[in-house]
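K.L.:
Before I ask anything, here is the structure I am working with.
The values are calculated or read from the model by the stated rules, or taken from the named source; none is laboratory data. Note that the structure is a prediction, hence the values are computed from the model and not measured. No Cβ is skipped: glycine too gets one built from the backbone with ideal geometry, and neighbour counts run over all protein chains shown. We work out accessible area using only protein heavy atoms, side chains counted, and drop any ligands, DNA or RNA first. Shrake-Rupley method; radii C 1.70, N 1.55, O 1.52, S 1.80 Å.
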Amino acid sequence: MSHKRVAILISGGGSNMMSLVDSMVGDHPARACLVLSNDAAAGGLKKAADRGLPTAVVDHRPFKGDRAAFEVELAKPLLDAEPDIVCLAGFMRVLTGGFVSQFQGRMLNIHPSLLPKYKGLHTHARAIEAGDAEHGCTVHEVTAALDDGPILGQARLGIEPDDTPDTLAARVLVWEHKLYPAVLRRYAEGNRSPVLLP
Ligand code: GAR
């Protein structure tokens with residue numbers, strides 16, 4: 001059996017990326033083929049390289065907000081890696097519909113809220129501010145609309161009275177590391193029914 005090839009896009013520490021990489025062992029139907037970042041300083045790049053994974057960087061800054069021009073360059077190493085599945089894992093650039101359409105039906109994202117609540121940034125602060133009892137994270141298929149697309153899994157947890165955005169983010173992250181690998185495995189097996197945790 002040949003493994004499905006998974007490219008992972010990151011912008012930061014890459015803890016979700018590492019949870020995916022670490023899950024793709026043994027009888028898992030997929031393996032990581034590339035870790036790609038828009039920032040050469042992303043801590044996850046070194047972690048990936050230390051695992052012997054191919055890495056690449058396409059810095060968005062020289063493109064000065066020209067998303068389409070940035071994406072032309074971003075697509076090159078990504079297409080070269082011939083991924084079957086593309087996982088956004090803390091990738092903090094908004095992608096255009098044109099880019100997304102090249103990977104339609106095979107691109108996933110993890111977002112730190114219970115979508116459709118709190119698309120975009122500052123999700124933990126917004127959930128606390130709203131007085132929500134629950135918060136969590138979502139893995140969804142990526143479509144042209146930001147933080148939209150079919151939901152493939154969610155993990156939920158309670159918000160405590162003394163939670164700050166930082167304490168809440170840290171607890172959500174623990175669930176992200178369980179949810180994303182669980183969804184990826186199911187997805188790589190061709191099963192798109194949602195994973196609901198805990
Ligand atoms: C994660 O919490 C992820 O859900 C979030 O960024 C963090 C990246 O951490 N993603 C977004 O906010 C996407 N809009 P990591 O680099 O340690 O995986």
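K.L.:
Tell me the residue from 116, 83, 112 that is more than 12 Å from the ligand (Cβ to nearest atom) and touching a residue at least 60 places away in the same chain (Cβ under 8 Å), please.
P.N.:
Just one listed residue meets the conditions, 83.
K.L.:
Across the stretch 143-196, what is the number of residues that are of a type in the set (Gly, Ala, Ser) and part of a loop (DSSP other than H, G, I, E, B)?
P.N.:
5
K.L.:
Looking only at the stretch 164-190, which residues are open to solvent by 20 Å² or more (accessible area, probe 1.4 Å) and more than 23 Å from residue 22 (Cβ to Cβ)?
P.N.:
164, 165, 166, 167
K.L.:
Are any residues in the stretch 90-109 in contact (Cβ under 8 Å) with a residue 60 or more places away in the chain, among the hydrophobic types (A, V, I, L, M, F, W, C) and farther than 24 Å from residue 128 by Cβ, and if so, which ones?
P.N.:
91, 108 - these are the residues of the stretch 90-109 that are in contact (Cβ under 8 Å) with a residue 60 or more places away in the chain, among the hydrophobic types (A, V, I, L, M, F, W, C) and farther than 24 Å from residue 128 by Cβ.
K.L.:
Test residue 74 against the stated conditions and say whether it is within 13 Å of the ligand (Cβ to nearest atom) and in contact (Cβ under 8 Å) with a residue 24 or more places away in the chain.
P.N.:
No, not satisfied.
K.L.:
Starting from residues that are hydrophobic (A, V, I, L, M, F, W, C) and open to solvent by less than 20 Å² (accessible area, probe 1.4 Å), keep the ones in the stretch 147-156 and report whichever is nearest to residue 104 (Cα to Cα).
P.N.:
Only one residue fits best here, namely 152.
K.L.:
Tell me the residue from 152, 173 that is within 13 Å of the ligand (Cβ to nearest atom) and either touching a Ser or Thr at 6+ places or on another chain (Cβ under 9 Å) or under 22 Å from residue 93 (Cα atoms) (or both), please.
P.N.:
One residue alone meets the criteria, 173.
K.L.:
Let me ask something additional. Give 90, 105 a once-over and let me know the one that is under 17 Å from residue 139 (Cα atoms) and within 16 Å of the ligand (Cβ to nearest atom).
P.N.:
Going through 90, 105 in turn, just one is under 17 Å from residue 139 (Cα atoms) and within 16 Å of the ligand (Cβ to nearest atom): 90.
K.L.:
So which residues in the stretch 3-27 are over 13 Å from residue 86 (Cβ atoms) and either of a type in the set (Val, Ile, Thr) or crowded, with 23+ Cβ neighbours inside 10 Å (or both)?
P.N.:
14, 16, 21, 25
K.L.:
Let me ask something else about it. Kindly indicate whether residue 124 is in contact with a helix residue (DSSP H, G or I) (Cβ under 7 Å, 6 or more places away or on another chain), on the phi < 0 side of the Ramachandran plot and free of Cβ contacts under 8 Å to residues at least 40 places away in the same chain.
P.N.:
So residue 124 does not fit the description; no.
K.L.:
Continuing with the same structure: Looking at the stretch 1-27, which of the residues that are β-branched (Val, Ile, Thr) and either assigned to a loop (DSSP other than H, G, I, E, B) or within 8 Å of the ligand (Cβ to nearest atom) (or both) is nearest to residue 55 (Cα to Cα)?
P.N.:
The selected residue is 10.
K.L.:
Further, regarding this structure: Residues that are touching a Leu at 6+ places or on another chain (Cβ under 9 Å) and buried (at least 21 other Cβ atoms within 10 Å of the Cβ): find the strands (runs of 3 or more DSSP E) completely inside the stretch 28-142 holding 2 or more of those.
P.N.:
Filter on the stretch 28-142 gives 30-37, 85-88, 107-111, 134-141.
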